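S.K.: So that we are looking at the same thing, I have put the structure below in structure tokens.
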Amino acid sequence: MKPIRHLFWDFDGTLYDSYPNVTHAFLCTLDELGCPGLVTPREALSLLKVSVYSAAQHCAGMAGLDVSRVMEVFSRYHAQESGFAPYAGLSQCLRTLRDAGVRHYLYTHRDRRAIEQLGQDGLWSLFSDGVTSEDGFPHKPAPDALRCLLARNAIDPATAAMVGDRDIDIEAGHNAGMRGVLFDPDGFYPKVQAELYATSMAELTRLLLS
């Protein structure tokens with residue numbers, strides 16, 4: 001098996017611990033729609049880990065709401081969220097792997113604010129390329145965006161891996177012919193069939209360099 005030399009990173013929940021912000025926006029949405037306490041913060045996080053739309057569908061079904069209205073209100077609250085932090089050890093992980101010959105790429109469903117956040121934190125210069133929601137690719141687990149990045153950068157998928165915190169990230173990588181690295185600091189997906197499994201950036205670094 002060829003060594004991994006190219007890492008394709010998810011943003012939310014992988015590079016950045018943005019789930020507290022997303023969960024807050026979702027709970028504010030339920031409050032505004034007259035459903036305070038419909039789910040606990042932990043339950044909301046578990047639902048959001050699947051996808052925002054899945055969480056909206058679930059709660060809309062529980063409360064008799066229109067899912068499109070839930071998404072509309074959530075989008076407004078989510079746009080107001082800011083100040084999320086990179087996971088502990090992210091900068092060291094990216095730099096250590098880069099110095100070992102690994103190149104980094106971004107693949108996120110978030111808009112270009114992801115790139116702006118990486119730039120503000122001095123990390124975007126460590127990435128070779130990236131795809132955001134503005135590029136218009138189908139959402140994960142569709143492999144289209146990854147295949148575009150592979151072709152654009154002349155990468156053999158056998159030397160690449162998708163790093164993400166959800167099953168759809170790993171599935172997207174597999175669908176593009178690359179390996180999957182699950183970053184799961186909260187233990188939400190112990191049964192996901194990923195080639196590598198890490199709960200911290202330090203562990204992820206060790207696994208990729210071993």
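The values are calculated or read from the model by the stated rules, or taken from the named source; none is laboratory data. What you see is a predicted model, and the numbers here were worked out from it, not measured in a lab. Cβ coordinates were reconstructed from backbone atoms using ideal geometry, including for glycine residues, and neighbour counts include every protein chain displayed. Just the protein is used for accessible areas: all its heavy atoms, side chains included, with ligands, DNA and RNA removed. Shrake-Rupley method; radii C 1.70, N 1.55, O 1.52, S 1.80 Å.
S.K.: Just to check I understand the Karplus step: with θ = phi - 60° and J = 6.51 cos²θ - 1.76 cosθ + 1.60, what whole-Hz values come out for the range 86-95, glycine and proline as x?
M.R.: My calculation for the range 86-95 gives x, 4, 3, x, 4, 4, 5, 4, 4, 5 Hz in order.
S.K.: Using label points projected 7 Å from each Cα along Cα→Cβ, tell me how many nm separate Asp31 and Arg113, to one decimal.
M.R.: 1.8 nm
S.K.: Under a point spin-label approximation (7 Å from Cα along Cα-to-Cβ), what is the Glu72-Ser128 distance to one decimal in nm?
M.R.: According to this spin-label approximation, the distance is 4.4 nm.
S.K.: Using a 1.4 Å probe on the protein heavy atoms, what percent of the accessible area of the chain belongs to carbon and sulfur? Provide the component values of the computation, followed by the final result.
M.R.: Values: 4890 of 9460 Å².
Looking at the chain in its full context, I get 52 percent from C and S.
S.K.: Could I ask something else about it? Calculated from the structure, Kirkwood radius over Cα pairs in Å equals which of [x] 20.7; [y] 17.6; [z] 18.5?
M.R.: Correct label, based on the coordinates given: [y].
S.K.: Before I look further, what does the chain give for accessible area per residue, probe 1.4 Å, in whole square angstrom? Please report the intermediate quantities before stating the final value.
M.R.: Working: 9460 Å² over 210 residues.
On a per-residue basis, the chain sits at 45 Å².
S.K.: So for the range 62-153, averaging the separation of alpha carbon pairs under 8 Å that are six or more residues apart and normalising by length, what relative contact order in percent results? Can you show the working numbers first?
M.R.: Details: 55 pairs, mean separation 20.7, N = 92.
Once normalised by length, the contact order is 23 percent.
S.K.: Could you work out how far the C-alpha centroid of the range 8-56 sits from that of the range 159-192, in angstrom?
M.R.: About 20 Å separates the Cα centre of the range 8-56 from the one of the range 159-192.
S.K.: Moving on. So if I average 1/r over every pair of distinct C-alpha atoms in the range 77-143 and take the inverse, what Kirkwood radius in Å does that give?
M.R.: On the way: mean 1/r = 0.0754 Å⁻¹.
Its Kirkwood hydrodynamic radius stands at 13.3 Å.
S.K.: Return the calculated 222 nm mean residue ellipticity for the chain, to the nearest 500 deg cm²/dmol, obtained by summing -39500 (n - 2.57) across DSSP H runs with n ≥ 4 and dividing by the residue count. Don't jump to the answer; show the numbers that get you there.
M.R.: Details: 9 runs with 95 residues, N = 210.
Only helices count here, giving -13500 deg cm²/dmol.
S.K.: Let me ask something else. Lys191: which lysines have alpha carbons under 23 Å from its alpha carbon, excluding same-chain residues fewer than 8 sequence positions away?
M.R.: Correct list for Lys191: Lys49, Lys140.
S.K.: Calculate one ³J(HN,Hα) per residue across the range 152-162 by plugging θ = phi - 60° into the Karplus curve 6.51 cos²θ - 1.76 cosθ + 1.60, and present them in order as whole Hz with x for glycine and proline.
M.R.: 5, 10, 6, 9, 6, x, 5, 9, 10, 8, 9
S.K.: Moving to a separate point now. Place a label point 7 angstrom from the Cα of Asp186 along the Cα-to-Cβ direction, then list the residues of the range 71-109 whose backbone nitrogen is under 14 Å away.
M.R.: 85, 87
S.K.: Over all directions, how big on average is the projection of the convex hull of the alpha-carbon atoms in the range 1-126, in square nanometres? Present the calculation step by step, with values, prior to reporting the outcome.
M.R.: Values: hull surface 36.0 nm².
Over every viewing direction, the Cα hull of the range 1-126 projects on average to 9.0 nm².
S.K.: Tilt of helix 41-50 relative to the longest C-alpha principal axis of the chain, in degrees (0 to 90, nearest 10)?
M.R.: 50 degrees
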